[in-house]
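Peer 1: Can you read through this structure? Questions will come right after.
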């Protein structure tokens, strides 16, 4: 029970601090829209090619927005030297970590709330609950992994370079399964349910693994 | 001659013997011709890479559990050797793919997952270099080493989970004639010996560099602080 309270308190602290400064979410929202604009020039998008390219653009924009969001989650703590103080309290590291991951995932969901409608608007793709569900399920696992590596690289040199290097390879399962689900929603096919279950499996696996590892990453 | 030189010479001799079997004993493949002989070293080095990464996991768990410096050194050594063998697997696979598939690379599940494996453990080596030496480097690398191993079963089962152009298992399905099977098993055994010798020599290098006066301070920091 105490762990849950700690996690919620940490998440609340991060969200309140974001609400007061309003730094990250507007920047992320602008970033994903910009990513769509760049994709337009990179792929020469027209109404025929849009449905085939849209899923790829969605995941690329989401992955890089995620790297920014998770990187900030711990970099800000490191700059203010507040991470040490949070760790010095008697709160269990796994709970602190879960709170940070929860807050970062919430920010990324906000950013998806801009990305998905923007994609529907600019690329003419269908917008549905099922699509949002697949993206949301992928976000959970990506947040767990992203936050763990962000906590790690915040303490390394060259953190901006190392975060994508460590995180992207392990995000691939979510992009494979999520990409499959999104392609089904946007193009057709019938393996949506299977992809969704795969996403849930990966979520459980990586949430458990990262909470076990939190102790070793958040321990100075 | 010290025992490391003897072991290295023995490993080289074994690999030469394996080469002799590959080129003079194993029959030429009826469909693919001589290029199929890549198979023996290609698959053997993939297995050696998997075993090396399994050693990384064992060493990493030993470090996280008991703060065992030995475990950390074993993981460090095995990660490097694993990356080397993954490189060999990828390069030989590409050389084989060009004449048979007509292209060096295709985004096949097994090829892709093997490339990801290479990237993950190359990242492991980078973490070692970029983290503060000692306790932090050891702990972070151990976490990366354990998480990265998730990809090994993906590589192994990729040919059964997805439809791929890469051939599936040939040993368990009894697809090889006895001469080819013997050559393969012999090459695999030799490659595993080579990997073990490489890990042992690398371990010695790591131990010696840990014994440098400036490393002593870092090593003490790697142990759990007395509190």
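Please treat every number below as a calculation from the coordinates, not as lab data. Keep in mind that this is a model prediction, so the values were computed, not measured. Counting neighbours? That spans all protein chains shown, and the Cβs are built from the backbone with ideal geometry, glycine included.
Peer 1: Fewest first, what order do B:162, A:171 take by the number of other Cβ atoms within 10 Å?
Peer 2: B:162, A:171
Peer 1: At 222 nm, what value in deg cm²/dmol follows for chain B if DSSP H runs of at least 4 each add -39500 (n - 2.57) and the sum is divided by all its residues, to the nearest 500?
Peer 2: -26000 deg cm²/dmol
Peer 1: How far, in degrees from 0 to 90, does helix B:3-20 lean away from the longest principal axis of the Cα atoms of chain B, to the nearest 10?
Peer 2: The answer is roughly 20 degrees.
Peer 1: I'd like the orientation of helix B:151-161 relative to chain B: the angle between its Cα long axis and the longest Cα principal axis, in ° from 0 to 90, rounded to 10.
Peer 2: Tilt relative to chain B: about 20 degrees.
Peer 1: Calculate the spin-label point distance for residue A:78 paired with residue A:4, positioning each point 7 Å from the Cα along the beta-carbon direction, and give it in nanometres.
Peer 2: That separation, rounded to one decimal, is 3.3 nm.
Peer 1: Give the average over all directions of the projected area of the C-alpha convex hull of chain B, one decimal, in nm².
Peer 2: The number I arrive at for chain B is 14.3 nm².
Peer 1: Set the Förster distance to 45 Å, then compute FRET efficiency between residue B:70 and residue A:34 from the Cβ-Cβ distance, nearest 0.05.
Peer 2: 0.35
Peer 1: Further, regarding this structure: When B:180, B:15, A:148 are ordered from fewest to most other Cβ atoms inside 10 Å of their Cβ, what list results?
Peer 2: The fewest-first ordering by Cβ neighbours comes to B:15, B:180, A:148.
Peer 1: Counting only other chains, and only Cβ atoms inside 10 Å, what mean value do you get across the residues of B:139-149?
Peer 2: Counting other chains' Cβ atoms within 10 Å and averaging over B:139-149 gives 5.
Peer 1: Roughly how far apart, in whole Å, are the Cα centres of the stretch A:3-75 and the stretch B:104-143?
Peer 2: So the two Cα centres are separated by 25 Å.
Peer 1: So what does the Cα-only Debye profile of the stretch A:91-220 read at q = 0.18, 0.19, 0.21 Å⁻¹, as log10 I(q)/I(0), no solvent term?
Peer 2: -0.99, -1.07, -1.21
Peer 1: When the gyration tensor of the stretch B:69-180 is built from Cα positions, what are the square roots of 5 times its three eigenvalues, in whole Å, from largest to smallest?
Peer 2: Ellipsoid half-lengths, sorted descending, are 32, 15, 13 Å.
Peer 1: How big is the protein assembly as shown by the Kirkwood estimate over distinct Cα pairs, in Å?
Peer 2: Evaluated over the protein assembly as shown, this radius sits at 24.0 Å.
Peer 1: What 222 nm value per residue comes from the helices of chain A, counting each DSSP H run with n ≥ 4 as -39,500 (n - 2.57) and dividing by all residues, nearest 500 deg cm²/dmol?
Peer 2: After summing the helix terms and dividing by the residues of chain A, the value is -30000 deg cm²/dmol.
Peer 1: Apply the a/c threshold of 1.5 to the C-alpha gyration tensor of the stretch B:128-175 and tell me whether it is rounded, prolate or oblate.
Peer 2: prolate
Peer 1: On full extension of the chain, what length is gained from residue B:210 through residue B:125, given 0.36 nm per residue of separation minus the C-alpha to C-alpha distance?
Peer 2: Gain on stretching residue B:210 to residue B:125: 28.9 nm.
Peer 1: First obtain the Kirkwood hydrodynamic radius of the stretch A:1-63 from its Cα pairs, then insert it into the Stokes-Einstein equation at 20 °C and 1.002 mPa s, and state the resulting D in µm² per second as a whole number.
Peer 2: D, rounded to a whole number, is 150 µm²/s.
Peer 1: May I pose another question? Past the 27 angstrom mark, what percentage of all C-alpha to C-alpha distances in the stretch A:2-217 do you count?
Peer 2: 32 percent
Peer 1: Here's something else I'd like to know. Please rank A:191, A:90, B:52, fewest neighbouring Cβ atoms within 10 Å first, as an exposure proxy.
Peer 2: The fewest-first ordering by Cβ neighbours comes to A:90, A:191, B:52.
Peer 1: For the pair residue A:17 and residue A:215, how long in nm is the line joining their label points, each one 7 Å along Cα→Cβ?
Peer 2: 2.6 nm
Peer 1: How far is it, in nm, from the label point at residue B:95 to the one at residue A:64 when both lie 7 Å from their Cα along the line to the Cβ?
Peer 2: 3.8 nm
Peer 1: Could you give the angle, 0 to 90 degrees to the nearest 10, between helix A:50-79's Cα long axis and the longest principal axis of the Cα atoms of chain A?
Peer 2: Approximately 10 degrees, to the nearest 10.
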